[in-house]
Amino acid sequence: MSESLDDQFKSPLREMRHCGNACRKIRAVWLRFELCNATQGLIKFHGNITKEKDGNQYLTADLMTPISWDDNIGSAVSIQSRVTGETFMELFVIREKNLCKAANIYLGEFWYALERAFQMPVRSCPISAGRYHARRAKLDFDRITLQTFPFGRLRFIMGAIDHKSRQNIWCLLVEVDNPQN
């Protein structure tokens, strides 16, 4: 029986180690940040990103989740690369059974800084149901856990899935430009 592409890519990604200062600096810039479609799912998210004169980007956002991000909430992230114009090609998909734990594994200190900004317990799963607000949270891509991060214009389509109801409860589309040094 052959492995799916998802399975082929999932194992190596899961085994990535924290690289600390040994990693190359990620100089990504968020270009686009929006819901995947016009309607929101169960989890509501509104926000915007500003770029300041110092070159840093900051997130101001509201998050309302009527459910806890526990073992019942999984994630699927499609990572795509721009081929030409506005055409993107899927590189791989990361699927995890637990959204909260996946954020801790793949995003590390970048995620922890966002948790602090939203006044959530840091490194703690599950994330409780509630309303959260972040104001001018610095987006520091150097703090992402991944050792390797593709270059170029990338699109991330991030979804949250309720395992009980099999519903997609949230979908966010983010485009970033990660130039080579």
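The values are calculated or read from the model by the stated rules, or taken from the named source; none is laboratory data. Keep in mind the model is a prediction, meaning the values are calculated, not measured. Heads up, the Cβs are rebuilt from the backbone with ideal geometry, glycines too, and the neighbour counts pull from every protein chain shown.
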Fill in the blank from the handout: In segment 48-73, anything in contact (Cβ under 8 Å) with a residue 40 or more places away in the chain, outside any strand (DSSP E or B) and charged (D, E, K, R) is listed as Asp70, Asp71
Exercise for the section: Pull up segment 42-62, narrow it to residues that are surrounded by fewer than 15 Cβ atoms within 10 Å (Cβ to Cβ) and in contact with a strand residue (DSSP E or B) (Cβ under 8 Å, 6 or more places away or on another chain), then point me to the one that is nearest to Asp140 (Cα to Cα). Expected result: Asn56
Exercise for the section: Residue by residue through segment 95-109, note down the ones that are part of a helix (DSSP H, G or I) and not hydrophobic (A, V, I, L, M, F, W, C). Expected result: Lys101, Asn104, Tyr106, Glu109
Completion exercise
Condition set loosely packed, with under 14 Cβ neighbours inside 10 Å and not in a strand (DSSP E or B), scope segment 20-41, selection modelled with the highest pLDDT: answer is Asn37
Problem - Boolean, Thr65 is in contact with a Gly (Cβ under 7 Å, 6 or more places away or on another chain) and either modelled with pLDDT of 90 or more or not aliphatic (A, V, I, L, M) (or both) - result: yes
Handout entry: Residue count, segment 109-139 (criterion: crowded, with 19+ Cβ neighbours inside 10 Å and charged (D, E, K, R))
Key = 1
Completion exercise
In segment 105-137, anything of a type in the set (Lys, Arg) and touching a helix residue (DSSP H, G or I) at 6+ places or on another chain (Cβ under 7 Å) is listed as Arg123
Practice task
Answer yes or no: is there a residue in segment 140-158 that is modelled with pLDDT of 90 or more and touching a Cys at 6+ places or on another chain (Cβ under 9 Å).
Solution key: yes
